[in-house]
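S.K.: Let me begin by handing over the structure; questions about it come next.
The values are calculated or read from the model by the stated rules, or taken from the named source; none is laboratory data. Bear in mind that the values here come from a model prediction, so they are computed numbers and not experimental data. Methodologically, a virtual Cβ is constructed for each residue, glycine included, from the backbone with ideal geometry; neighbour enumeration extends over all protein chains shown.
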Amino acid sequence: MKTKPRVLLLSASSGAGHVRAAQALEKAFAARGDCTVEHIDTIQYVSKLFQRVYDKAYISMVRRAPELMGVLYDRTDQPWHHPRRRLAMDRLNTAPMIRLLKRVQPDLCVATHFLAAEIVAWLIAKRKLRAHNAIVVTDYDVHAMWLCRTVDRYYVAIQEAAEYLARIGVPREKLRVTGIPVDPLFARPLDRAEARRTLELDPSQPVILISAGGYGIGPVELLVKDLLALDHPWQIVAIAGKAAKVQKRLDEISRDAGRLSSGAPRLVPVGFTTEMDKYMAAADLLVGKAGGLTTSEALARALPMALIEPIPGQEERNADHLLEAGAAIRCNNLPAAAWKIAQLLDNPARLGRMRDAARGMGKPDAARAIAEDALRLLD
């Protein structure tokens with residue numbers, strides 16, 4: 001009896017997007033039934049110091065020094081420059097990951113974070129690993145940190161990213177434009193009215209979905225207060241994520257916010273949730289950050305976006321692509337953000353065009369497409 005091929009998905013919890021992409025792929029590979037699949041968070045297999053830098057410093061920098069994030073992003077985005085120096089540093093700090101990979105010897109590695117991709121590529125080049133190597137880029141642009149020589153596939157979000165890679169030396173036969181993988185739930189059609197019934201939201205008024213991301217980053221409370229002050233008949237759903245303090249303050253604001261004519265609360269605070277597919281199906285507009293996963297989920301639900309203060313670097317580049325396609329607006333000045341959102345919601349024709357643009361850009365089936373193509377590498 002033929003043994004099923006072993007697939008190892010490698011993410012990193014330095015930001016929720018890399019993990020969510022791997023979780024989506026895990027579901028897609030498992031649904032096929034023709035392979036065994038395992039997902040590991042590679043941050044659990046690095047040195048303690050390295051773990052603190054990746055896990056804590058990233059979130060701290062995003063919150064306190066986003067401009068520095070942008071400077072670091074731009075200065076390190078030099079294709080094929082200093083890869084040996086970076087690899088030497090990473091190898092020193094990833095010994096547990098290297099031991100794991102040598103022991104498991106998977107048939108296929110799929111990385112949703114550049115750190116894991118680099119280590120896998122090095123092990124294959126040194127013939128210490130026999131696996132095929134696939135990289136899933138979780139933003140719309142491809143930063144130089146994603147570049148490796150020993151790679152069988154690059155899965156990218158948009159055609160421009162594939163053209164960029166081809167023009168800096170990556171063979172075109174290794175490139176696939178699949179979109180960023182989102183949970184297969186987003187590929188299932190869900191009627192807006194049904195989603196609102198399920199979530200007990202107002203059936204007839206506009207619903208604004210505000211997402212702070214998995215870690216509650218962003219000016220959620222101020223924006224909520226400004227939107228409520230406009231006194232429009234819309235319902236606001238505010239996702240606090242894992243930020244318990246943010247959710248507590250939103251609960252307090254909700255108690256004073258009153259109700260719509262239907263009796264539904266004007267503000268619905270939500271903590272960490274696994275039902276974003278339903279909330280996005282129910283909403284008329286998503287307000288939040290420009291992370292690769294969040295925006296890909298919104299596009300999969302044909303949901304227009306208002307982008308608030310994108311993090312300099314990858315989020316700003318993501319925002320550029322969404323604005324260019326007409327699927328989003330960008331609110332650069334927080335004090336005017338509520339007014340700008342109101343202007344958009346008061347223009348149904350424009351909102352409809354944005355919804356069409358989001359639908360055209362969305363790739364809800366990306367996870368399945370990646371799983372299908374990656375397993376062909378083993379034929």
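S.K.: Would you confirm whether any residue within region 94-104 is under 20 Å from Ala24 (Cβ atoms) and assigned by TED's automatic domain parsing to the domain that holds His18?
M.R.: No: region 94-104 contains no residue that is under 20 Å from Ala24 (Cβ atoms) and assigned by TED's automatic domain parsing to the domain that holds His18.
S.K.: Out of all the residues in region 333-371, which are surrounded by 12 or more Cβ atoms within 10 Å (Cβ to Cβ) and either at positive phi or not in a helix (DSSP H, G or I) (or both)?
M.R.: Selection gives Asn347, Gly362, Lys363, Pro364, Asp365.
S.K.: If you go through region 211-223 one residue at a time, do you hit one that is among the acidic types (Asp, Glu), free of Cβ contacts under 8 Å to residues at least 12 places away in the same chain and either outside any loop (DSSP other than H, G, I, E, B) or crowded, with 21+ Cβ neighbours inside 10 Å (or both)?
M.R.: Scanning region 211-223, I find no residue that is among the acidic types (Asp, Glu), free of Cβ contacts under 8 Å to residues at least 12 places away in the same chain and either outside any loop (DSSP other than H, G, I, E, B) or crowded, with 21+ Cβ neighbours inside 10 Å (or both), so the answer is no.
A quick yes/no check of all residues on (1) over 30 Å from Val270 (Cβ atoms); (2) not aliphatic (A, V, I, L, M):
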| residue | (1), (2) |
| --- | --- |
| Asn133 | yes, yes |
| Arg149 | yes, yes |
| Glu160 | yes, yes |
| Ile168 | yes, no |
| Glu173 | yes, yes |
| Val177 | yes, no |
| Arg188 | no, yes |
| Pro203 | no, yes |
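S.K.: So which of Leu307, Leu303 ends up being within 30 Å of Thr76 (Cβ to Cβ), in contact with a helix residue (DSSP H, G or I) (Cβ under 6 Å, 6 or more places away or on another chain) and buried (at least 17 other Cβ atoms within 10 Å of the Cβ)?
M.R.: Leu307
S.K.: I'd like to verify a number: residues in region 124-146 that are out of contact with any Pro (no Cβ under 6 Å at 6 or more places or on another chain), outside any strand (DSSP E or B) and buried (at least 22 other Cβ atoms within 10 Å of the Cβ), how many?
M.R.: 8
S.K.: Within region 328-341, is there a residue that is modelled with pLDDT of 95 or more and within 24 Å of Pro189 (Cα to Cα)?
M.R.: yes
S.K.: Oh, and also: Here is a list: Asp202, Asp226, Asp256. Which entry is crowded, with 18+ Cβ neighbours inside 10 Å, among the acidic types (Asp, Glu) and assigned to a helix (DSSP H, G or I)?
M.R.: Being crowded, with 18+ Cβ neighbours inside 10 Å, among the acidic types (Asp, Glu) and assigned to a helix (DSSP H, G or I) holds for just one of Asp202, Asp226, Asp256, which is Asp226.
S.K.: Give the residue, chosen from Arg153, Arg167, Arg172, that is of a type in the set (D, E, K, R), crowded, with 21+ Cβ neighbours inside 10 Å and at pLDDT 95 or above.
M.R.: Going through Arg153, Arg167, Arg172 in turn, just one is of a type in the set (D, E, K, R), crowded, with 21+ Cβ neighbours inside 10 Å and at pLDDT 95 or above: Arg153.
S.K.: With respect to Tyr155, is the statement that it is within 22 Å of Ala369 (Cβ to Cβ), assigned to a strand (DSSP E or B), touching a helix residue (DSSP H, G or I) at 6+ places or on another chain (Cβ under 9 Å) and among the aromatic types (Phe, Trp, Tyr) true?
M.R.: Judged against the criteria, Tyr155 is a match.
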